[in-house]
Amino acid sequence: MKGGPMVDVASRLLKPIGSSLARIARRAMTPDKAWDPLFDSWIETAKLEGVDPNDIGDRQWGDPVTVIESRYGPYLAADKVVLELGPGSGRYTRHLLLRCSRLLLVDASPRVVRWLKQYLRDRANCEVFLAKDCSLSFFEDSSVDVAIATGVFEHLSIEEFYLYLRAFFRVLRAGGVVVLNFDDFRSVEGFAWFKKWLPADGSRGIFRFYHPEMVQQMCEDIGFAKISIVPDHRMGWLTCTKPST
């Protein structure tokens, strides 16, 4: 898609956080790589300002510390192994590293993986993996305490959503927890976001929308327990646990 009404609308809607997502809209069919130019722009701006590139990201998208404390904090501890799916440039990662014993990062973008390996080269408690599918096959069964994802499942197909949940179940230890968010089609804000980002030509947009009952059903089918879905504006926050027995 080159130019056109959709890109013009996107630019106007997203002025509060700059034009970055409007550029991403032009690459809607490959959301895993659409973010790469945005991360590159943060890196270049950071070089000019002499700051961490994720400071630029936080300036555009907001400080992640509040989300970490409210959503992930109850499940983080110094002895926990945490899996972060879709870390991107590491905005959440740099804080999570201080809250666990080991952090496993998985991203579908080769560009992001290369960046994170360089960015985190001095962090001994962190490993970075390239996801070529949804299996998480590079992790052993029952080897992770917490699996998290922020702003990731809103870009995944329902097939990917289910397969990643199933992979989380496999790699989690008994009693392990999943915490993630998704665009909630049921909420007023979520449906408004759907209409704002609806491509005029009917092609796939960069956001995927789910009803909480769909997510609940997938979790139950896989075997998760203590399933909680809490609305938060356009997002739904899913928390679920792998049973101990």
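Sort out which residues of the stretch 90-102 are farther than 17 Å from Asp52 by Cβ and crowded, with 21+ Cβ neighbours inside 10 Å, and write them in order of number.
Within the stretch 90-102, just Cys100 meets the criteria.
Return the residue satisfying two criteria in turn: it lies in the stretch 12-58 and is among the small types (Gly, Ala, Ser) and at pLDDT 85 or above, and of such residues it is surrounded by the most Cβ atoms within 10 Å (Cβ to Cβ).
So the residue we want is Gly57.
Would the stretch 218-239 turn up any residue that is loosely packed, with under 14 Cβ neighbours inside 10 Å, polar (S, T, N, Q) and over 19 Å from the mean Cα position of the chain (by Cα)?
no
Can you work out which of the residues in the stretch 136-159 that are of a type in the set (Gly, Ala, Ser) and within 16 Å of Val178 (Cβ to Cβ) is surrounded by the most Cβ atoms within 10 Å (Cβ to Cβ)?
Ala147
I'd like to know if the stretch 116-133 contains one or more residues that are within 20 Å of Ile227 (Cβ to Cβ) and small (Gly, Ala, Ser).
Within the stretch 116-133 (the criterion being within 20 Å of Ile227 (Cβ to Cβ) and small (Gly, Ala, Ser)), the answer is no, since none of the residues qualifies.
The values are calculated or read from the model by the stated rules, or taken from the named source; none is laboratory data. The model shown is predicted, which means the values in this text are computed figures rather than measured ones. Ideal geometry is used to build each Cβ from the backbone, glycine not excepted, and the neighbour counts take in all protein chains shown.
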